[in-house]
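The values are calculated or read from the model by the stated rules, or taken from the named source; none is laboratory data. Remember, predicted model here, so these are calculated numbers, not experimental data. Every residue, glycine as well, gets a Cβ built from its backbone with ideal geometry; the counts of neighbours run over all protein chains shown. Just so you know, the surface numbers come from the protein's heavy atoms only, side chains and all, with ligands and any DNA or RNA stripped out. Shrake-Rupley method; radii C 1.70, N 1.55, O 1.52, S 1.80 Å.
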Amino acid sequence: MADESSNLEHRWTNLRASMMKTFGKKPDLNAILFLIGIQELGRGISNFTKEEKQDLMHSATCKVFSLSGFYELERVDQEGWPHYRSVKPIPFTNLKDQERMLKWHILEYFDRADEA
């Protein structure tokens, strides 16, 4: 488990470093979720309201957890916003485990995007 955890942190550090080259600063977990949300919405960067920013981060969380079957894309509304439905509950864990699980799914999201 220690090797797995250190590999995850190494990959996470590399992802953040590569994003720093692109964006000029090293994003945290929330910023990365925000960027995934923008990517999934497909409109590019614009001025989003606070509520839209929250929706983008929620959408990104659903998207990355859909990679393991926790969520499923239900529909995309007429404004282009994706809507997900929960398929199975995410296992209840402590905050540190939740963060590790989210990081793993984000890394998987980017790995799959690189393969496409």
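Screening residue 62 on (1) at pLDDT 95 or above; (2) over 28 Å from residue 5 (Cα atoms); (3) not small (Gly, Ala, Ser) shows it passes everything except condition (2). Looking only at residues in segment 65-93 that are of a type in the set (Val, Ile, Thr) and open to solvent by 50 Å² or more (accessible area, probe 1.4 Å), which one is modelled with the lowest pLDDT? Applying the filter and picking the extreme gives 90.
Among residues of segment 13-24 that are free of Cβ contacts under 8 Å to residues at least 24 places away in the same chain, those with a beta-carbon under 8 Å from a residue that is of a type in the set (D, E, K, R) at least six positions away or on a different chain give the pairs 16/26; 17/26; 19/26; 20/26. Listed by first and then second residue, the pairs linking a residue in segment 92-116 that is assigned to a helix (DSSP H, G or I) to a residue that is open to solvent by 60 Å² or more (accessible area, probe 1.4 Å), with Cβ atoms under 7 Å apart and 6 or more places separating them unless they lie on different chains, are 107/11.
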